Amino acid sequence: MRPRLALFLVVCSLSALAPLAACSGAEKTSNPLPTTDDIDASKSKTDSSTPFPEDDAGNPLPEASTGPGRVYSHTKDTLYLYEPVAGTLKEIGKFTFDPVDTAADIIDIAVDRTGNMYGTTFDDFFKIDTTTAKATWIAISDDNVDYPNALSFVPAGTADPGKEALVGYATKIGDSVAVTYVQIDTTTGKKTTLGSMNASAVGPQYRSSGDLVSIIQDGNRTYATVKLQGAEAGAGTDLLAEIDPVDGHVKRIIGDTKQNDIFGFGYWAGKGYGFSFTGKIIEIDMSKGSSTVLETLTNDGGTPLPWYGAGVTTQAPSF
């Protein structure tokens, strides 16, 4: 079953980015969501198309953790750039689509080591321009697995021995939870199943609750926000988990974020950043899972606007 949720959203203006109280929202599942290279010295460090500064060996320079950070986030129809050091949020623009008849809600994005961005709807796969938010169509899903709504690149040598791999948690058609771990070919859009979030049927059974992130500078560790399935779910807050980037299984639960519906997940200078369906931007302690709400995205009327996803380069600094 793939029931649809209904929610009317009002377009956001940048004047409404001040912290406001958030309301509760729906869970991110496979259900369709609401319908409403080297640095070029001539470029500014705040240019969203430019990877953060790194040395000749590809390691981030010290200024990467104190200078401008770069975490991308998005609502169903608009791409943003969050700068975690200063705590500022900039609207890049509304998604446009080529061809135009592929337009749909973007459910998640991912950014590779050099800053290339890709995005998904449940049915389609796109490459996205980080400076204009233009989404160029690559492929339509041609099997019994949706495109993931929890999406990230993982470093070379993990899921793919020779290169970075675009992976995510997807839902098989007819199922209700995203636990199938797939790799996506960025050229063809073809999906290959690598494993499952649950290594066996014994013990706690988890499902993706929103997103995942993997960082080279953090020992290639990969993290995801997850929830317990079924009767074990309890209050249903999102848990921070470390996962195996090779086959996607949960290696350990780090802690409870005490937050709901963290649909987007980013990372910068050793801190996690969650973006929730209730419009919250949340700082997450990567060693404990505890969290602090930083601000809430709202429309002009003060109503929280749902975040749908987030993405960050695998080369984000860990210090």
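Taking the fewest neighbouring Cβ atoms within 10 Å as the starting point, the ordered list for 211, 218 is 218, 211. Could you size up the charge dipole of the range 165-241 around its Cα centre, putting +1 on the beta carbon of Lys and Arg and -1 on that of Asp and Glu, and report it in debye to the nearest 20? It works out to roughly 180 debye.
Counting only residues at least eight positions apart within a chain, or on another chain, the lysines with an alpha carbon under 18 Å from that of residue 251 are 227, 288. The calculated Kirkwood hydrodynamic radius for the range 140-210 is 12.6 Å, given to one decimal from all distinct C-alpha pairs. For the range 182-314, the calculated P(r) over all alpha carbon pairs, in 5 Å bins from 0 to the bin holding the longest distance, is 2, 11, 19, 22, 19, 14, 8, 4, 1, 0 percent. Separation of the alpha carbons by more than 18 angstrom is noted, of 127/271; 163/190; 163/271; 127/190, for 127/271; 163/271. Note on the range 66-195: the alpha carbon radius of gyration divided by the globular reference 2.2 N^0.38 Å gives 1.06.
No value in this document is a laboratory result; all are computed from the given coordinates. It should be emphasised that the depicted structure is a prediction, and the values quoted were computed from it without experimental measurement. As a convention, Cβ positions derive from the backbone with ideal geometry for all residues, glycine included, and neighbour counts pool all protein chains shown.
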